[in-house]
Amino acid sequence: MCGRFTQTHSATELAVVFDLDETPNWQPRYNIAPTQLIPAIVESHQFKLLRWGLIPAWAKDLSIGSKLINARAETVSEKPSFRDAFKRRRCLIVADGYYEWKKQAGKKQPFYFQLENHQPFAFAGLWDRWNSPEGEPIETCTIITTEANELAATIHDRMPVILSEEQYDRWLDPAFKEAQSLLYPYSSTAMQTYPVPLVVNSPAHDAPDCITNLGKTN
């Protein structure tokens with residue numbers, strides 16, 4: 001699964017990397033957690049802040065969102081919670097790294113994954129708009145996961161789907177009917193991982209020391 005990630009680049013850098021018309025409303029984050037607002041790009045390269053944890057339009061209340069922070073690539077087109085968004089509301093979740101945990105010496109050790117070039121990238125995501133009982137529209141999202149590549153498998157058997165830059169427009173285009181063909185593991189040779197401090201275990205701790213390298217392993 002993917003339950004925590006980072007986006008530490010400036011808003012100006014994101015505007016350049018993702019070809020945005022305007023500089024987005026964003027401050028660097030080092031420990032993004034579910035239910036928080038996260039950076040995303042939807043059709044026509046529009047930047048949005050979406051609540052992490054998808055709430056389908058038909059849901060009775062927002063509590064379902066905490067259970068839908070991830071969608072499995074293998075079944076995303078079939079599951080009632082995701083299939084409509086998969087057809088019509090795909091998005092890019094903007095990130096530059098993510099965390100995964102491995103049990104070591106009786107404790108869960110967090111590891112940080114990023115691209116070798118340390119550049120921002122996009123997770124494959126879905127979004128939806130839900131109206132609260134009070135009539136307030138709430139826009140939410142989920143991150144799609146797939147089987148782990150060789151590097152990620154040293155820590156966990158799943159990883160988020162990382163899209164390559166040339167796939168962005170196809171993923172965002174609802175007319176592209178072969179979107180599931182893009183949902184495969186990113187190349188492990190283009191990634192790196194290393195252990196980070198236990199401070200990242202607390203969602204309340206959001207600071208640069210979350211990504212401190214405790215000893216590069218790959």
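We did not get these values from a lab; they are worked out from the coordinates using the rules stated. Keep in mind that what you see is a predicted model, and the values were worked out from it rather than measured. As a convention, Cβ positions derive from the backbone with ideal geometry for all residues, glycine included, and neighbour counts pool all protein chains shown.
Quick query: amide H of A71 versus all other amide H atoms, modeled in the peptide plane; which residues come in under 5 Å with a sequence gap of 5 or more or a different chain?
Under 5 Å from the amide H of A71 lie the amide H atoms of I143, I144, T145, each far enough along the sequence or on another chain.
Work out from phi, with θ = phi - 60° and the Karplus expression 6.51 cos²θ - 1.76 cosθ + 1.60, the ³J(HN,Hα) of each residue of the range 36-43, listed in order in whole Hz, and give x for Gly and Pro.
Ordered by residue, 3J(HN,Hα) equals 7, 7, 10, x, 8, 10, 10, 3 Hz.
Given the DSSP H assignment, sum -39500 (n - 2.57) over each helix run of at least 4 residues in the chain and divide by its residue total; what's the result at 222 nm in deg cm²/dmol, nearest 500?
Mean residue ellipticity, 222 nm, calculated: -2000 deg cm²/dmol.
Collect residues whose amide H, placed 1.01 Å from N in the peptide plane, falls under 5 Å from the amide H of G97; neighbours closer than 5 in sequence don't count.
T6
Residues with amide H under 5 Å of K102's amide H, sequence separation 5 or more or different chain, H placed in the peptide plane at 1.01 Å from N; which?
Q109, F111
Could you count how many Lys pairs in the chain have their Cα atoms under 30 Å apart, skipping same-chain pairs fewer than 8 positions apart?
23
From the backbone phi of the range 72-86, what are the Karplus-calculated ³J(HN,Hα) couplings (6.51 cos²θ - 1.76 cosθ + 1.60, θ = phi - 60°) in whole Hz, Gly and Pro given as x?
Here the 3J(HN,Hα) series is 7, 4, 5, 10, 4, 7, 10, 5, x, 5, 10, 5, 5, 5, 4 Hz.
To the nearest 0.05, what FRET efficiency results for A175 and L62 with a Förster distance of 35 Å applied to their C-beta separation?
For A175 and L62, the calculated efficiency is 0.70.
Over 29 Å, how big is the tail of the calculated P(r) for the chain, in percent of all Cα pairs?
Roughly 21 percent, rounded to a whole number.
Using the Karplus curve 6.51 cos²θ - 1.76 cosθ + 1.60 with θ = phi - 60°, work out ³J(HN,Hα) for each residue of the range 208-214 in order, rounded to whole Hz, and write x for Gly and Pro.
So the Karplus estimates, Gly and Pro as x, are x, 5, 4, 9, 4, 7, 8 Hz.
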